[in-house]
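Single-structure report; data block below.
Just so it is clear, none of the values below were taken in a lab; they were calculated from the coordinates. Because the structure is predicted, anything quoted here is derived from the model rather than measured. Here Cβ is always computed from backbone atoms with ideal geometry, including for glycine, and neighbour counts include all displayed protein chains.
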Amino acid sequence: MSPLPQTSSPLRRPARLAVNAGLVIFLALYAAIAFLQPNYLEPGLFMNFLRRAAPLVILACGQLYVILTGGFDLSMGAVATLAVLAASILINGDPETTWAVIGTLYVMGIAVGLVNGLVVAFLKVPSIIATLGAMLSVNGLALAWSGGAARGDLPDNFRNLGRLVWRGVPLVGTLPLAAVVLAGFVALAWWGLNGTVYGKRALAVGDNPRAAELAGTPVAATRILAFVVSAVSAVTAGILIGGFSGVSVNAGEGLELQAIAACVIGGAQLLGGRGSIWSAVFGALSLFALFTLLNLIGLPQALRDSIQGVILIAAVGASLWRTRRRT
Amino acid sequence: MTLRTLLATTVALTFAGQALAQDFNDPAEFKKQREQLSMTPQGPEGQPWAQHLGDGMVDTAKYRKDGQVTLCFSNAGVFNPWRVVGLNNLNAEAELHKDRLKELIVVDAEGKDDKQISDIEALVSGGKCDALIVSPNTTAALTPAVEAACGKLPVIVFDRGVNTSCPVTYIHPVGGYGFGITSGEFIASKLKKGDNVLALRIMPGVDVLETRYSAAKTIFDEAGINVIGSEFTGSDRAKTKSVVEDYINRGEKIDAVWMDAGDTATAALEAFEDAGLPYPVISGEDQQDFLRKWQADKLTAIGPSYPTYQWRTAVIAALDVLDGKQVPGPEWVLPQPAITEDVLADYVDARMPPLHYSLCGCQELPGYPERWGGKK
């Protein structure tokens, strides 16, 4: 696997170095996990790790699009929650409606993304405020719709997306469907940034929107599309979370901040202009490996949270320090 | 140097945790609630919301008011499914008394102490209320506001208490120790000495939850059962399932799962399913999804409760007080039943939503099951 972008423009070089930082942190953390619990080296447990990390990785990929263009999307956790609640209410245990409802969920997600994008691009509201507003509205909507409690039921064919594990697969032994969804989503997100002109536009907009505009980049369209991708990733993550563990009113709580943290750990630059899809992927895997590691060590919860905070700051600090030193 | 600081912090936090826990481990209260659990309740048969434990009654002749009355209710909030079910119970109960009740004014404090304090002041000074029902957000912060209200009109408090005896009565089920005793004793009876139990809890520092754990822990310690972990899940299904998977992956044998609330019990059980392991002995609560799974998969389980029917009792008590009838007090202790294998079938209701609290005592109330989100 060669995660490195094939261009050699000066703009991309820092991102390439940062990718290595995310990967290195992930490998170090996973090695620590394997040291404590050697069975994590078995393909089965690694696949299970991927299955559980999948929603966060997907969210981080979506968030990365927005971060590249110089913004934040704080509404993705709320959109994920809405997806879970809406799915359970709309499907209500009837497996025949599953696929139609999944389509509806994406329409809802895209609508939220469009609103976010339009508000940021045309009303010039800072994205942190615009998406904070969206987060509150979407959360409120989800709560009002569900009456504050989980209603309805998710049938097995919906749950399978986050829960099904194929056993007896050659090479890996077990293969969770969520890992396949993850691979597909990452591939699409990678193609969007590297296989189309969009990636360069996003970097240009994030780096210097004025310059990008003067150079003829469609700044507004670039920003709006970023928010739409982010919302689509939130719906996808919501579907996986709902599949993994079922309906709950706090399914997406706090995920937006984890997704932002993941991108930064992986070396993406807040406020835009630098980062690649691998920053998001390895950043998210690192973050999830950290959660798993701290769970395995079995420290008291209070201490675990503080250590998690300290390690987060240290990881981001280290990756920023590395990039600064090399540029 | 940093390592040493870290170690010192670890030690300090560990001891701080223990010091904190001691506040929630009161042997006298444990004993009292254990006795209450085995008492025979007084009051109408089959209507636990109108029953009470113990003999204390208070005289309310001085509050008597004829004609139609207005009840006011200051609610801490509807921030969890338990409170959603409870508020539906309260509204439905009020509907039963249409002839006597002119109006029921409900004010929602959205989980904020300061909002609830000003809510209570506004209700009292508004002059419309004949009696005030309060479900306090937190005990200490709401005490002065309740005290001030007591001087103006009869006050009934339920769920969480206040640090004053001025309300006419304080309605609550047996309590957190009782919950922990019921579930702890069931698990201890199914396990052998040396077996492992995993404790899953919502969050630290909440009195009604901490006492559940401390009571269960006392019983596990007495029975020689190892508590291999005590984890906080924040009521999040994904987190619950992940935590249990982590414990399974560690290779430790989990003979039982004890929970301080049942809303994520089915998520905990799914972790065992996905790992291809048999179900553990489990204590959940009275939520529908747990009861259905229990019935379908023939679990060894118990569903202790913190019954939502106490929201009905609050309206009944307020109207009794305005009738000048004697009411149980100064504490109206409600029975706190648990769902066991024998009665499980009576409580499973496929029409109801997954997180419906089955011991709502609401099956006969107007609007059941739609009002509670059920299908007709």
Normalised by the number of residues in region B:176-302, what is the relative contact order in percent for Cα pairs under 8 Å and 6+ residues apart?
27 percent
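Pairs B:LYS98/B:LYS128; B:LYS239/B:LYS375; B:LYS239/B:LYS298; B:LYS31/B:LYS217; B:LYS128/B:LYS325; B:LYS65/B:LYS325: which are spaced more than 20 Å apart, C-alpha to C-alpha?
Violating the 20 Å limit, Cα to Cα: B:LYS239/B:LYS375; B:LYS239/B:LYS298; B:LYS128/B:LYS325.
Counting other beta carbons within 10 Å of each Cβ, put B:TRP82, A:TRP321 in order, fewest first.
Numbers: B:TRP82 23, A:TRP321 11.
Least crowded to most crowded, the residues run A:TRP321, B:TRP82.
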Evaluate the distance, in nm, between pseudo-label points positioned 7 Å from the Cα of A:VAL197 and of B:CYS166 along their respective Cα→Cβ axes.
7.4 nm
Report the far tail of the P(r) of chain B, meaning the percent of Cα-Cα pairs longer than 27 Å.
50 percent
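So what's the back-of-envelope 222 nm ellipticity for the protein assembly as shown, counting only DSSP H runs of four-plus at -39500 (n - 2.57) apiece and dividing by all residues, rounded to 500? Write down the numbers at each step before the final one.
Numbers: 25 runs with 397 residues, N = 703.
That calculation yields -18500 deg cm²/dmol at 222 nm.
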Using only the Cα atoms of region B:176-302, what are the Rg and Dmax in Å?
13.0, 36
Translational D (Stokes-Einstein, µm²/s) of region B:76-186 at 37 °C and 0.692 mPa s when Rh comes from the Kirkwood sum over C-alpha pairs?
217 µm²/s
Just want the ordering: B:GLU245, B:GLU110, from fewest to most Cβ atoms lying within 10 Å of their own Cβ.
B:GLU110, B:GLU245
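If I take all pairs of Cα atoms in region A:279-319, what percentage of them are more than 12 Å from each other? Spell out each step's value before the answer.
Details: 494 of 820 pairs.
Tail of the P(r) past 12 Å holds 60 percent of the pairs.
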Just grab the label-to-label distance for B:ALA28 and A:LEU114, each label 7 Å out from Cα along the Cβ direction, in nm (one decimal).
6.6 nm
Efficiency of FRET between B:GLN68 and A:ALA34 - r from beta-carbon atoms, R0 60 angstrom, step 0.05:
0.25
Starting from the Cα of A:ILE129, step 7 Å along the direction of its Cβ; do the same at B:ALA148; then give the gap between the two resulting points in nm.
3.5 nm
One finds, for A:VAL24 and A:THR104 with R0 = 45 angstrom and r their Cβ-Cβ distance, a FRET efficiency to the nearest 0.05 of 0.60
Normalized C-alpha radius of gyration of the protein assembly as shown, against 2.2 N^0.38 Å?
1.03
With DSSP loop assignment and no more than 11 other C-beta atoms within 10 Å, the GluC sites (Glu not before Pro) in region B:27-93 are B:GLU45
For region A:119-206, what size does the Cα cloud have along each of its three principal axes, sorted from largest down, in whole Å?
53, 43, 15
Only bridges whose two residues both fall in the protein assembly as shown count here: according to DSSP, what percent of them are antiparallel, nearest 5?
20 percent
What residue among B:ARG312, B:ARG237, B:ARG34 has the largest mean-square fluctuation in a Gaussian network model of chain B, using Cα springs under 10 Å?
B:ARG237
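Note down the relative contact order for region A:13-326 as a percent, whole number, built from C-alpha pairs under 8 angstrom at least six residues apart. Provide the component values of the computation, followed by the final result.
Numbers: 583 pairs, mean separation 116.2, N = 314.
Reported relative contact order: 37 percent.
How large is the charge dipole for region B:230-303, taken about the Cα centre, if only the Cβ atoms of Lys, Arg (+1) and Asp, Glu (-1) carry charge, to the nearest 20 debye?
Value, rounded to 20: 160 debye.
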For B:ASP195, list long-range residues whose amide hydrogen, built 1.01 Å from N in the peptide plane, is under 5 Å from its own amide hydrogen.
B:ASN226
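Only counting other Cβ atoms within 10 Å, I'd like B:ARG292, A:ARG324, A:ARG223, B:ARG250 sorted with the fewest neighbours first.
On the way: B:ARG292 19, A:ARG324 9, A:ARG223 27, B:ARG250 16.
The fewest-first ordering by Cβ neighbours comes to A:ARG324, B:ARG250, B:ARG292, A:ARG223.
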I need the fraction of alpha carbon pairs in region A:64-154 separated by more than 14 Å, rounded to a whole percent.
66 percent
What number results when the radius of gyration of region A:13-326, computed over Cα atoms, is divided by 2.2 N^0.38 Å?
0.98
